[in-house]
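Rule-based calculations on the coordinates, nothing more; no lab input. In this text the structure is predicted, and so the values were computed from the model without any measurement. Reconstructed Cβ throughout: ideal geometry from the backbone, glycine too, with neighbour counts over all protein chains shown.
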């Protein structure tokens with residue numbers, strides 16, 4: 001039988017360290033030769049930080065993941081008996097409960113608020129298609145909804161809530177991410193060299209000046225002959 005201590009040690013669980021594969025693959029793509037020549041060192045550094053951050057978000061929200069059949073069966077039995085992780089569909093219920101306990105409040109509320117702050121801050125700086133505040137906020141909202149509903153779908157597939165679907169997580173994540181977007185827009189405004197899009201190149205259309213025709217040339221044939229002699 002798998003005990004609580006075994007689960008705490010990670011027996012039969014897939015650890016979040018597997019997400020470092022994302023860092024390696026994405027890092028190699030970022031550091032390819034043409035990108036290093038094209039992008040500034042600051043942009044490259046921010047891209048690497050963004051990659052590491054994404055891997056840590058995945059690790060924090062989806063891992064450790066149960067892969068041992070005994071653990072899955074045990075968790076199903078506990079869930080059917082009313083124990084284990086519970087869902088929250090009532091807004092502010094988790095916030096009010098966590099407010100009564102200091103350490104849990106910091107971990108649950110502040111942690112969820114800050115989870116997507118780096119996403120809102122870094123995405124407009126390193127992803128060209130997320131250069132505007134509107135697109136960045138859409139990305140933040142889509143990410144928090146994707147995380148929560150993915151956890152819900154995986155829990156349904158496993159037969160127990162391995163991660164809690166909490167409506168408070170949605171607005172806490174989105175609010176923190178939106179604050180990150182606001183800070184990012186201020187940084188871009190003050191330091192334009194950090195903006196993801198390069199400055200547009202202004203095309204200059206120089207008009208070719210035609211030489212003046214001498215007096216006495218009136219017909220188009222005479223004009224063509226004169227220009228051919230130039």
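Inter-label distance, residue 190 to residue 129: 3.0 nm, where each label sits 7 Å from its Cα along the C-beta direction. Using a/c under 1.5 as the rounded threshold, could you call the range 45-99 rounded, prolate or oblate? The axes a ≥ b ≥ c are square roots of the C-alpha gyration tensor eigenvalues, and prolate needs a/b larger than b/c, oblate otherwise. Judged from the Cα gyration tensor, the range 45-99 comes out oblate (a/c at least 1.5, b/c at or above a/b).
Each principal axis of the Cα cloud of the range 4-197 was taken in turn, and the coordinate range along them, longest first, works out to 58, 36, 27 Å.
Structural descriptor for the range 4-197: relative contact order 25 percent, calculated from alpha carbon pairs under 8 angstrom and at least 6 residues apart. Net length available on complete extension from residue 114 to residue 158 is 13.0 nm, with 0.36 nm assigned per residue and the Cα-Cα distance removed.
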